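We did not get these values from a lab; they are worked out from the coordinates using the rules stated. The structure displayed is predicted, hence computed values, not measured ones. Don't worry about glycine lacking a Cβ; one is built from the backbone with ideal geometry, like all the others, and counts go over all protein chains shown.
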């Protein structure tokens with residue numbers, strides 16, 4: 001399943017916190033698209049977004065997009081959803097967005113290496129840069145950076161910790 005990533009439509013940050021089997025999740029939006037999904041460091045994330053976007057984040061627990069994202073995440077974590085259907089607009093450089101778009105092509109239950117991703121975006125010598133972009137993916141889980149592994153099959157770096165990465169990969173492997 002491939003999702004199309006677009007540029008955020010507004011210089012605003014709306015956010016909410018939801019509960020999940022992985023713990024609390026921070027969702028962010030420009031009002032029309034999901035712009036972020038974070039598993040911890042919420043205050044730091046919101047401060048960084050305020051600086052980057054230039055607007056103070058506003059809590060919005062009533063945004064329909066957040067309800068849809070929460071429902072789809074709950075289904076995914078319960079093992080009943082294998083693909084997400086949400087409008088996405090991650091903030092990043094053109095290169096990062098190319099990497100994140102490539103991440104959406106990794107099928108549920110599959111994995112890929114950094115070198116493979118680099119080849120997919122026609123930058124075969126950029127595996128390290130792909131790794132850095134992967135680590136800056138702002139829409140974790142939905143843009144499945146957890147599906148990227150080291151060339152030797154090791155569970156290399158995951159912003160939210162190796163245990164959460166293992167949990168997500170085991171969830172997908174079991175279905």
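Shown is the FRET efficiency for residue 121 and residue 62, computed with R0 = 45 Å from the Cβ-Cβ distance and rounded to the nearest 0.05: 0.75. Restricting attention to the chain, close to 60% of DSSP beta bridges with both partner residues there are antiparallel. Centroid-to-centroid, using Cα positions, the range 32-51 and the range 117-175 are 19 Å apart. If you compute Rg and Dmax of the Cα atoms in Å for the structure shown, which of (i) 15.3, 44; (ii) 16.9, 52; (iii) 17.8, 61 do you land on? Among (i) 15.3, 44; (ii) 16.9, 52; (iii) 17.8, 61, the one derived from this structure is (i).
Between 101, 72, 44, the residue with the greatest mean-square fluctuation in the GNM of the chain (Cα pairs under 10 Å linked by springs) is 44.
Site pair residue 94 and residue 7 shows an inter-label distance of 1.1 nm when each label is modelled 7 Å from Cα along Cα→Cβ. Which of these, 138, 124, 90, has the largest mean-square fluctuation under a Gaussian network model of the chain (Cα springs below 10 Å)? Evaluated over the chain, the most mobile residue of the options is 124. By the helix-only formula, in which each DSSP H run with n ≥ 4 contributes -39500 (n - 2.57) and the sum is divided by residues, the chain has a 222 nm mean residue ellipticity of -11000 deg cm²/dmol. Extension gain, residue 50 to residue 129, is 25.9 nm, computed as 0.36 nm per intervening residue step minus the present C-alpha separation. Between residue 40 and residue 21, the simple spin-label model (points 7 angstrom out along Cα→Cβ) gives 2.0 nm. Under the rule a/c < 1.5 gives rounded, and otherwise a/b versus b/c splits prolate from oblate, where does the range 14-77 land using the Cα gyration tensor? The shape class here is oblate.
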